[in-house]
Amino acid sequence: MNLNQASKEAENLRKKITQHNHKYYVLDDPDIPDAEYDRLFKELIKIEKEFPQLITNSSPTQRIGTTPLSEFKEIEHTDPMLSLANAFNEKEMQRFYDRLSTELSEEILVFSGETKLDGLAINLFYKNGVLHTAATRGDGFTGEDVTLNVKTIMQIPLNLIGDNIPKLLEVRGEIYISHKGFFELNKNQEKLKLKTFANPRNAAAGSLRQLDPKVTSTRPLSFSAYGIGNYEGKLKFDRHTQILNQLKNWGFPVSVESKELSGLKDCFDYYSHILNIRKKLSYEIDGVVFKIDYIEKQKILGNVSRSPRWAIAYKFPPIEEVTQLIDIEVQVGRTGTMTPVARLSPVNVDGAMINNATLHNLDEIKRKDVRIGDWVYIRRAGDVIPEVVSVIKEKRKNVKEFRMPKSCPICGSDVKKQKDKIAYVCIGGLSCDAQKNQAIIHFVSRKAMNIEGLGEKLIYKLTENKMIENIADIFSLKQNELSALDRMGDKSASNIIESINSSKSTTLAKFIYSLGIPEVGESTARALENYFHSFKEIEKSSQEEFENISDIGPIVAKNIKSFFTQENNKKIIKKLVAAGIHWNESKSNYSSNLKGLTFVITGSLKNIKRKDAEELLLSLQAKVSSAVSKKTDYLIYGANPGSKYEKALELGIKIMNEDLFIKMLKKEKLIN
Ligand code: IVH
């Protein structure tokens with residue numbers, strides 16, 4: 001065989017293998033025996049071995065990469081990955097329907113009804129029909145590049161099949177693990193004495209976030225497509241259901257339960273039907289999704305902040321089971337809060353074994369009248385911590401009342417009830433090991449400083465051995481100190497030091513969040529960054545100034561001020577900065593939700609000056625243009641809008657009235 005013949009033959013084999021993969025993994029309907037498939041595969045390997053120059057990235061032989069990554073790169077989504085608003089009952093669903101019905105002036109709305117798979121969202125980017133990159137949702141704007149791992153998922157085509165292959169295509173869908181896959185994976189993990197997963201969703205996320213694609217390739221990951229993002233191609237789509245159909249033709253698995261629905265009754269019937277068959281499905285779902293089918297109408301409705309106004313997830317009620325409450329213990333959190341936790345006789349709630357459930361606080365225990373020894377209902381919904389719902393009083397026998405301990409079970413310090421609050425706290429502060437450890441665990445966590453390899457157990461060991469006392473000490477750890485620890489190899493120690501070092505480059509918001517200021521979560525930290533753009537400013541600002549930021553109330557403002565006033569915290573921050581933790585404070589470097597979007601403003605605005613509106617948009621890295629064109633992303637309109645408004649409607653551009661615009665700016669924390 002010469003090179004030319006080999007190239008043709010390789011191409012031919014790849015086409016055949018791709019078709020057979022599709023039949024086997026997607027349609028579940030193979031039409032050749034396994035031995036024949038293996039023969040084709042071996043033939044291709046042989047040719048690629050002889051002519052390595054013919055190997056392409058998307059060859060079926062290249063699904064499993066050989067070298068593990070050291071980290072995942074970030075990928076910016078060209079079209080943001082939105083999430084869905086939820087409805088939890090008929091009333092909320094009815095309200096959603098009525099709102100859309102009014103806005104579209106239509107009585108009978110047409111929807112695409114779909115199951116809501118409980119896995120994780122993924123964006124698959126195809127260039128001329130070849131899988132180019134795959135990214136997780138991340139914060140909706142940037143995600144992690146998991147291409148190598150995604151390539152190991154046999155249900156995901158490396159090359160599209162069929163006709164009308166588009167120039168660009170972003171496929172949006174869910175990566176998940178079936179019930180059977182989950183069961184087998186956990187069995188195997190147990191056999192290997194590795195950590196088991198709490199539920200299929202965690203198992204899927206954990207499997208996709210492996211740095212070594214070889215590990216991912218052993219995990220039973222599945223995929224289902226439910227939409228598209230960016231698209232450039234010959235085919236034009238009028239309806240979402242057409243898109244789903246075309247995705248099927250291009251070789252993607254699409255839920256067989258998807259259905260076109262007309263009117264609210266159809267939606268309710270679909271919900272009941274899926275709820276009825278839920279237990280029979282081979283994978284976990286947590287609700288159904290309704291999407292306005294006509295794309296034109298989706299455009300008219302547009303998006304608010306991070307979710308489309310034309311779609312909703314109608315969630316299923318959480319699943320409850322009965323078990324006995326054996327004991328109540330208290331857990332001491334990062335800020336000293338004592339949370340009573342129910343120790344349960346293990347019970348399987350919708351596929352996950354539950355041993356503990358939260359009781360939230362003492363008031364809750366009293367309100368629900370929960371006693372040690374009671375039979376209780378346990379509820380679990382998605383990823384949230386299981387909770388004790390109620391007590392079966394008829395079954396009550398030999399029970400004991402719970403009392404909040406007077407001293408902290410960890411450090412022995414006094415326990416005090418917080419003023420104006422329900423929580424009891426240990427007053428030990430950072431001299432309490434529980435609080436110390438929790439503060440460090442929070443600091444290194446993924447959404448904070450993201451120091452990989454510093455797990456909970458290791459942190460306990462490090463504090464126990466007095467190798468670290470506080471978060472700043474992490475940065476003085478030495479590799480030889482770490483590798484001297486039990487069960488710690490040189491390689492792991494050096495990996496940890498490396499991730500400590502690379503964590504030093506962070507963002508202002510992540511740094512603030514990682515400090516663990518009581519009640520300052522990610523979004524408050526982001527609001528602080530967006531408002532001040534400077535750590536020094538935050539440190540010296542007054543409580544009143546913090547209260548100026550929308551969403552920050554007096555309690556949180558007080559927490560922030562008192563955090564930065566404490567000498568010990570000042571010392572630790574100084575050490576952290578001296579260790580080299582840094583971030584960029586220039587305004588242009590923070591990423592706003594509107595980055596890169598083009599806006600046009602028309603008509604007269606009531607509550608904000610045109611100039612100010614433009615400036616605010618620019619500060620959010622959006623573009624402001626004076627004329628409406630296909631490139632316009634949003635038209636903001638005030639009173640008497642005129643021709644720009646007409647043109648935007650004609651071009652199907654998303655429009656937004658002044659009120660919505662103001663709401664959006666509030667969301668971005670630019671105005672109060
Ligand atoms: S559509 C534009 N459809 O649910 C709307 N999402 O918050 C984008 N999900 O992140 C989502 N099944 O991971 C859509 N049939 C379905 C879905 C689905 C599951 C997940 C997805 C998304 C989350 C919604």
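The values are calculated or read from the model by the stated rules, or taken from the named source; none is laboratory data. All figures in this text were calculated on a predicted structure; none of them were measured in a lab. Here Cβ is always computed from backbone atoms with ideal geometry, including for glycine, and neighbour counts include all displayed protein chains. Note: areas computed on protein heavy atoms with side chains; ligands, DNA, RNA excluded. Shrake-Rupley method; radii C 1.70, N 1.55, O 1.52, S 1.80 Å.
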Checklist entry - Once fully extended, how much extra length lies between ASP612 and GLU464, figured as 0.36 nm per residue of separation less the alpha-carbon to alpha-carbon distance? => result 47.7 nm
Item to check | Stokes-Einstein D in µm²/s, Kirkwood radius over Cα pairs - the range 335-461 at 10 °C with 1.306 mPa s viscosity | outcome: 95 µm²/s
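Which value, in Å², gives the accessible area per residue of the chain when a 1.4 Å probe is used on the protein heavy atoms?
Values: 34630 Å² over 672 residues.
I get 52 Å² per residue for the chain.
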Item to check | Amide N of the range 262-296 lying under 13 Å from the label point, which is placed 7 angstrom from the Cα of GLU107 along Cα→Cβ | outcome: 263-264
Checklist outcome for this item: For ARG239, the residues 5 or more places away or on another chain with a placed amide H closer than 5 Å to its own amide H are ILE295
Checklist outcome for this item: With 0.36 nm assigned to each residue of separation and the Cα-Cα distance removed, LEU3 to ARG99 gains 28.2 nm
Next on the checklist: On the principal axes of its Cα set, how long, how wide and how thick is the range 43-98? Give whole Å, largest value first.
Outcome noted: 65, 29, 20
Next on the checklist: Given a 1.4 Å probe and heavy atoms of the protein chains only, how would you sort ASP414, ASP286, ASP486, largest accessible area at the top?
Outcome noted: ASP486, ASP414, ASP286
Next on the checklist: Could you tell me how far the Cα centroid of the range 225-257 sits from the Cα centroid of the range 350-371, in Å?
Outcome noted: 44 Å
Checklist entry - Leaving out same-chain residues fewer than 8 places away, which lysines sit with a Cα under 18 Å from that of LYS400? => result LYS366, LYS368
Checklist entry - So what are the three principal axis dimensions of the range 70-151 from its Cα atoms, in whole Å, longest to shortest? => result 52, 29, 21
Item to check | Spin-label pair GLU456/ASP269, simplified geometry with 7 Å Cα→Cβ offset, distance in nm | outcome: 4.8 nm
Next on the checklist: Once R0 is set to 56 Å, what does the formula 1/(1 + (r/R0)^6) return for the Cβ-Cβ distance between LYS187 and SER505, expressed as a FRET efficiency to the nearest 0.05?
Outcome noted: 0.85
Checklist entry - Are there cysteines in the chain with no other Cys C-beta under 4.7 Å, and if so, which? => result CYS267
Checklist entry - How big is D for the range 1-109, in µm² s⁻¹ as a whole number, if Stokes-Einstein is applied with the Kirkwood radius of its Cα pairs at 25 °C and 0.890 mPa s? => result 129 µm²/s
Item to check | Area accessible to solvent at HIS132, 1.4 Å probe radius, in Å² | outcome: 90 Å²
Item to check | Distance between modelled label sites at SER629 and GLU394, nm, 7 Å Cα→Cβ extension | outcome: 7.3 nm
Checklist outcome for this item: Taking every C-alpha to C-alpha distance in the range 58-214 and binning by 10 Å from 0, the per-bin percentages run 9, 29, 32, 20, 8, 2
Checklist outcome for this item: The base-10 log of I(q)/I(0) that the Debye equation returns for the range 192-342 at q = 0.14 Å⁻¹, one scatterer per C-alpha, is -1.01
Checklist entry - Which residues' amide hydrogens lie under 5 Å from the amide hydrogen of VAL389, considering only partners 5 or more residues apart or on another chain, with H built in the peptide plane? => result TYR377, ILE378, ARG379
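Suppose only helical runs count, i.e. DSSP H with n ≥ 4. What mean residue ellipticity at 222 nm does that imply for the chain under -39500 (n - 2.57) per run, divided by all residues and rounded to the nearest 500 deg cm²/dmol? Please report the intermediate quantities before stating the final value.
Working: 24 runs with 243 residues, N = 672.
Taken over the chain, the calculation gives -10500 deg cm²/dmol.
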Item to check | Whole-Hz ³J(HN,Hα) from phi, Karplus 6.51 cos²θ - 1.76 cosθ + 1.60, for the range 128-145, glycine and proline x | outcome: 6, x, 10, 4, 9, 9, 9, 9, 6, 5, x, 8, x, 10, 10, x, 9, 7
Checklist entry - Per-residue HN-Hα couplings for the range 466-471, Karplus 6.51 cos²θ - 1.76 cosθ + 1.60 at θ = phi - 60°, whole Hz, x for Gly and Pro? => result 6, 7, 9, 10, 8, 4
Next on the checklist: Skipping prolines and chain starts, which residues have an amide H placed within reach, meaning under 5 Å, of the one on ILE228, given they are 5 or more residues away or on another chain?
Outcome noted: ARG172
Item to check | At q = 0.16, 0.17 Å⁻¹, base-10 log of I(q)/I(0) for the range 172-270 (Debye sum, equal scatterers on each alpha carbon) | outcome: -0.83, -0.88
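Taking a 27 Å limit on the Cα-Cα distance, which of the listed pairs LYS73/LYS127; LYS644/LYS666; LYS73/LYS187; LYS436/LYS595; LYS478/LYS510 fall beyond it?
On the way: LYS73/LYS127 19 Å; LYS644/LYS666 25 Å; LYS73/LYS187 32 Å; LYS436/LYS595 39 Å; LYS478/LYS510 24 Å.
Pairs exceeding the cut-off: LYS73/LYS187; LYS436/LYS595.
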Checklist outcome for this item: Evaluated at 20 °C and 1.002 mPa s, the Stokes-Einstein D of the range 411-528 based on the Kirkwood radius over Cα pairs, in µm²/s, stands at 138 µm²/s
Next on the checklist: Using the Cα centre of the range 159-249 as the reference point, and only Cβ charges (+1 on K/R, -1 on D/E), how large is the resulting charge dipole? Debye, rounded to the nearest 20.
Outcome noted: 300 debye
Item to check | Cross-link partners of LYS49 among aspartates and glutamates (Cα-Cα below 14 Å; sequence separation of 8 or more within a chain) | outcome: GLU9
Item to check | Label-point gap, in nm, between ASP212 and GLU585 - each point 7 angstrom along Cα→Cβ | outcome: 4.3 nm
Next on the checklist: Output wanted: per-residue J couplings in Hz (rounded whole) for the range 51-61, from phi through Karplus 6.51 cos²θ - 1.76 cosθ + 1.60, θ = phi - 60°, x for Gly and Pro.
Outcome noted: 10, x, 5, 8, 5, 10, 4, 9, 5, x, 7
Next on the checklist: Using protein chains only and a probe of 1.4 angstrom, how many square angstrom of THR632 are accessible, to the nearest 10?
Outcome noted: 10 Å²
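On a full-extension model of 0.36 nm per residue, what is the gain between ILE385 and SER345, subtracting their alpha-carbon distance, rounded to one decimal in nm?
Numbers: separation 40, 0.36 × 40 = 14.40 nm, distance 1.64 nm.
Residue separation times 0.36 nm, minus the Cα-Cα distance, leaves 12.8 nm.
Which three numbers, in whole Å and largest first, are the semi-axes of the equivalent ellipsoid of the range 333-372 derived from its Cα gyration tensor as √(5λ)?
Numbers: eigenvalues 90, 42, 12 Å².
After scaling each eigenvalue by five and taking roots: 21, 14, 8 Å.
With +1 on the Cβ of every Lys and Arg and -1 on the Cβ of every Asp and Glu, and nothing else charged, how large is the dipole of the range 590-643 about its Cα centre, in debye rounded to the nearest 20?
Details: 8 positive and 4 negative charges, 17 e Å.
The dipole magnitude comes to about 80 debye.
Just flag the chymotrypsin sites (Phe, Trp or Tyr not before Pro) in the range 22-113 sitting in loop per DSSP whose Cβ has no more than 15 other Cβ atoms within 10 Å. Intermediate results must be reported in sequence, preceding the final value.
Numbers: sites: TYR24, TYR25, TYR37, PHE41, PHE72, PHE88, PHE96, TYR97, PHE111; in loops: PHE72, PHE88.
Filter output for the range 22-113: PHE88.
Can you put HIS20, HIS273 in order of accessible area, largest first, using a 1.4 Å probe? Mind dumping the intermediate values first?
Details: HIS20 35, HIS273 90 Å².
So, going from the largest accessible area down, we get HIS273, HIS20.
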Checklist entry - Which order do VAL384, VAL332 take when ranked by solvent-accessible area (1.4 Å probe, heavy atoms of all protein chains), largest first? => result VAL384, VAL332
Next on the checklist: Can you report the principal axis dimensions of the range 347-391 using only the alpha carbons, biggest first, rounded to whole angstrom?
Outcome noted: 30, 19, 13
Checklist entry - Per 20 Å bin, what is the whole-percent P(r) computed from every C-alpha pair distance within the chain? => result 15, 44, 36, 5, 0
